[in-house]
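One structure below.
The values are calculated or read from the model by the stated rules, or taken from the named source; none is laboratory data. Owing to the predicted nature of the structure, the values given are computational and were not obtained by experimental measurement. Here the Cβ positions follow ideal geometry from the backbone for every residue, glycine too, while neighbour counts run over all protein chains shown. Please note that ligands, DNA and RNA were not included when accessible areas were found on the heavy atoms of the full protein model with its side chains. Shrake-Rupley method; radii C 1.70, N 1.55, O 1.52, S 1.80 Å.
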Amino acid sequence: MILNTELEYKGNLFPSKIVSYEKNLNVLSFTCTNGVVLQVTVRRDSILRFRFSTTGIFENDFSYAITKYASRGYNKLEVTEDDANYIITTSKLICRISKLDLRTSIYDAKDKSLICEDELGFHWEESYEHGGDVVKMSKTSQPGESYYGLGDKPVDNNLKGKRFENWATDSYAYGRDTDPIYKTIPFYTALHNKKSYGIFFDNTFRSFFDFSHERRNITSFWAQGGEMNYYFIYGPEMSDVVVNYTDLTGKPHEMPALWTLGYHQCKWSYYPESNVKEVTAKFRDLKIPCDAIYLDIDYMEGFRCFTWSEEYFPNPKRMVKELADDGFKTIVIIDPGIKIDMDYSVFREGLEKDYFCKRADGPYMKGKVWPGECYFPDFTNPEVREWWANLFQELVEDIGVKGVWNDMNEPAVMDVPGKTFPNDVRHDYDGNQCSHRKAHNVYGMQMARATYQGLKKFSYPKRPFVITRAAYSGTQRYTSSWTGDNIATWDHLTIANLQAQRMCMSGFSFIGSDIGGFAEQPNGELYARWIQLGIFHPFCRTHSSGDHGDQEPWAFGTAITDVVRKFIEIRYQLLPYLYTAFWRYAEEGIPILKSLVLYDQHDPHTHYRNDEFIFGEKILACPITGPNQTGRRMYIPIGKWYNFWSDEVVEGGTEQWVDADLDSMPIFVKEGAIIPKYPIQQYVGEKTIDELTLDVYYKEGKESSEVYEDATDGYDYIKGRYSLRTFKLLGKKKELIIQQHKSGKFITTYKTFKVSLHGLPFKIKEVEIDNVVIPFKDLKLNGDNTLVLNKEFNELHLMA
Ligand code: MIG
């Protein structure tokens, strides 16, 4: 087994000279004298797929990652040749392929600058033990090149100088630099000379990435089997690279119900029913908004999936209904291991239908998890996925559970080396039978997909909600996710921040951490600081292992409770803003959180920043990551920003000190932004929204903002029943103009906007709406700062 890229010329094999070239529409094949074939597929002007066969025979072309909805098509495709190279030209790229050895180099079509070039390029080693090859690729690193992405790696944003492994692993109490952990997202973006590109290595075997770690000027990736099969995605803007990767591997299939963006409370475990009710009642008593309550494994009968403990939950349907009446959505955990028990119908059915994974020679894959000895459904079999989906009928349709949480789906197995299935376990892989070596990294994804299918079917006409721990590229189409078993330490607050940003850069935005830490116990200060970060994560849930003390918002005394409430309230006020960001993600693939480098790659200060990030399009947040802080230094990106608390305007482009006592944190709003806000609700839908607040941050110049709304659940929005408002702001020294453009057929419940003006540099003397002068008495003008107006306006004109 090769664990490094050192030049072991002994074992490495290389392509030889190209002898023939063939073009079949957008698929270009280059065959070498030693039988190696490179197939280049031009998917888009900026996306090339490279696929190598060492024998001239390609595998069946199948991928769980690539979505059938991915965009295709290009404006230009030309293939020419000179003495040394074949040259593929699109409107964005020029790719040279060396006739001598198949090495490629890619250039920007406009300015002809070098973007990415092979060092050794494709090479391989034959695998005697398993058949096939260990496939390898090496590229030269360009001067000053940085690297980002790769899913849930708990490391600083910039990956330069590091090596990583991809093999989904249950990683209780992982720490900084633990590798691998739960997820496999073999996609990175690179940045040099202000230009960015990405590489998605769509190979599900155990894989490795080396970013100038072993050799300073070389970046390489390799896998223990399968094909060298990667997509090159050009920007030059990093945001376009991420958008294009997300287009390729898929956006969420539907918008999440708005309540899923509320606050969630979880613990291992709330039981019996009386305990669940105590917790939910306390949220309402203390007026801390909360939308979801979780049941961890103890709700089941002996950890048997799809059963309920009669002792602890004698009447789940009644309980779930009572919780729902109080605004709480019930979410339950479901693990992959099915207890070996002839009296358990799920087990019996799985056995009768032959749905459980087997070892190479025929015995079942038997492994110990929470229920004891278990068998495991082969979720890579479409028939098994359908069966699994149908198992949710009672839970969802009858009992009324609103979301399902898939855990242990790496898959995790207790008390065995490697903590997972052995390599010889067989999988269907949607008709491409294979061993666990190939299926391991997608097992959790296919489980979450099957769960999603069930939730989608039985929640209808409401939207499904699923959470998964393990994931492969593309899993974002079906489910949200959390970062697994972290620890209640300050460093883990930083790690949670990095992981959420990294997941967003990796096409997977619906992500959050166990707020406060899963293992061990936070003190009140750490918990409060973590909540402050958590309200800016798309998935916002407190969870803890429960055996170290309580971790509810009130567990640390009233001073902390007040801080926690204050921030959860901000989350609820910002729901329309977050929902709009989610819509842009689901619609266009734009990540909900943007690391500063993703936000402004042209500013080199951003390339190594870790803590600050942009939430949505217009809000800059930065958590306090240590004890006893009254503020911190942070980098403010270029531009003018309003301090969220004081409205003080700061000029970015430098590191600055920002005050932030425990009841505050550094939050800034970009000048020119219009931020929509709802009133504070104890849960989504508690109140009918009868006015939308628009926080308008004056700017001298132009800025545009959007607000997306729909029925908050259901599928009518797909039929056009949504409301999208675009606000164009134009500020001058003595004028402010806001134009509204509205599209979509959804009619919001509110009739008015409460416009709240921040930083307006003049006193309003005259107001025009749609070119008609409005008397002040009709505006409910409140000082100079707020005015109420009809939501149908086209143009608001404020004048000094
Ligand atoms: O072996 O279900 O990451 O969130 O509370 C532990 C119990 C199994 C691990 C999950 C955690 C969950 C816990 N689970």
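Here are a few things to note about the model shown:
This table checks each residue for (1) at pLDDT 95 or above; (2) hydroxyl-bearing (S, T, Y); (3) in contact with a helix residue (DSSP H, G or I) (Cβ under 6 Å, 6 or more places away or on another chain); (4) open to solvent by 20 Å² or more (accessible area, probe 1.4 Å).
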| residue | (1), (2), (3), (4) |
| --- | --- |
| Y599 | yes, yes, no, yes |
| P604 | yes, no, no, yes |
| F615 | yes, no, no, no |
| I619 | yes, no, no, no |
| T630 | yes, yes, no, yes |
| M634 | yes, no, no, no |
| I638 | yes, no, no, yes |
| Y642 | yes, yes, no, no |
| E651 | yes, no, no, yes |
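- Residues that are within 16 Å of the ligand (Cβ to nearest atom), more than 21 Å from L261 (Cα to Cα) and either open to solvent by less than 20 Å² (accessible area, probe 1.4 Å) or modelled with pLDDT of 95 or more (or both), drawn from segment 526-572: S545, D550
Here's the yes/no breakdown for (1) aromatic (F, W, Y); (2) assigned to a loop (DSSP other than H, G, I, E, B); (3) surrounded by 17 or more Cβ atoms within 10 Å (Cβ to Cβ):
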residue: I293; (1), (2), (3): no, no, yes
residue: D298; (1), (2), (3): no, no, yes
residue: E311; (1), (2), (3): no, yes, no
residue: K317; (1), (2), (3): no, no, no
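- Within segment 267-291, if we keep just the residues that are open to solvent by 40 Å² or more (accessible area, probe 1.4 Å) and within 16 Å of the ligand (Cβ to nearest atom), the residue that is farthest from I718 (Cα to Cα) turns out to be Y271.
- For P761: the one exception among (1) under 33 Å from the mean Cα position of the chain (by Cα); (2) surrounded by fewer than 15 Cβ atoms within 10 Å (Cβ to Cβ); (3) within 23 Å of F644 (Cβ to Cβ): (1)
- Residue check, I738 farther than 23 Å from L258 by Cβ and of a type in the set (A, V, I, L, M): yes
- Only listed residue being touching a helix residue (DSSP H, G or I) at 6+ places or on another chain (Cβ under 9 Å), modelled with pLDDT of 95 or more, over 20 Å from E795 (Cβ atoms) and not in a loop (DSSP other than H, G, I, E, B), chosen from Y708, Y683: Y708
- Count - residues of segment 447-499 that are in a helix (DSSP H, G or I) and either over 19 Å from W167 (Cβ atoms) or open to solvent by 10 Å² or more (accessible area, probe 1.4 Å) (or both): 22
- Within segment 714-758, the set of residues being within 32 Å of the chain's Cα centre (by Cα), among the basic types (K, R) and surrounded by fewer than 17 Cβ atoms within 10 Å (Cβ to Cβ) comprises K719, R721, K728, K742, K745.
- Cross-chain or 6+ apart pairs with Cβ under 6 Å, segment 489-516 first and on the phi > 0 side of the Ramachandran plot and of a type outside the set (S, T, Y), then outside any loop (DSSP other than H, G, I, E, B) and crowded, with 24+ Cβ neighbours inside 10 Å: G507/Y245; G507/T246; G507/T249; G507/Q476; G516/Y527; G516/W530; G516/T542
- Strands (runs of 3 or more DSSP E) enclosed by segment 66-122 - at least 1 residues per element that are surrounded by 19 or more Cβ atoms within 10 Å (Cβ to Cβ) and touching a strand residue (DSSP E or B) at 6+ places or on another chain (Cβ under 9 Å): 85-89, 93-98, 104-108
- All of F201, F205 fail the test of being buried (at least 22 other Cβ atoms within 10 Å of the Cβ), under 21 Å from the mean Cα position of the chain (by Cα) and either among the acidic types (D, E) or more than 16 Å from Q499 (Cα to Cα) (or both), apart from F201.
- Of the residues screened, Y429 is not one that is over 25 Å from G132 (Cα atoms) and either aromatic (F, W, Y) or away from the ligand (no atom under 16 Å from the Cβ) (or both).
- Within the option set F328, F347, being open to solvent by less than 50 Å² (accessible area, probe 1.4 Å), under 20 Å from N409 (Cα atoms) and more than 16 Å from the ligand (Cβ to nearest atom) holds for one residue only, F347.
- Selection within segment 500-516 - of a type in the set (G, A, S) and either assigned to a helix (DSSP H, G or I) or farther than 18 Å from V155 by Cβ (or both): A500, G507, S509, G512, G516
- Taking segment 144-178 as the range and being in contact (Cβ under 8 Å) with a residue 24 or more places away in the chain, closer than 22 Å to R609 by Cβ and open to solvent by 30 Å² or more (accessible area, probe 1.4 Å) as the test, the residues that pass are G144, D156, K160, G161, K162, R176.
- With respect to the conditions (1) touching a Cys at 6+ places or on another chain (Cβ under 8 Å); (2) more than 16 Å from the ligand (Cβ to nearest atom); (3) not polar (S, T, N, Q), H264 lacks only one, and its number is (2).
- Residues located in segment 231-262, provided they are in contact with an Asp or Glu (Cβ under 7 Å, 6 or more places away or on another chain), within 20 Å of S113 (Cα to Cα) and open to solvent by less than 10 Å² (accessible area, probe 1.4 Å): Y231
- Among residues of segment 397-415, those that are under 14 Å from H440 (Cβ atoms) and over 18 Å from the mean Cα position of the chain (by Cα), counted: 4
- Residue among D361, D341 that alone is assigned to a loop (DSSP other than H, G, I, E, B), among the charged types (D, E, K, R) and open to solvent by less than 60 Å² (accessible area, probe 1.4 Å): D341
- Some residue of segment 563-580 being in a strand (DSSP E or B) and not aromatic (F, W, Y): no
- Selection within segment 379-417 - closer than 30 Å to E129 by Cβ, outside any loop (DSSP other than H, G, I, E, B) and within 16 Å of the ligand (Cβ to nearest atom): M414
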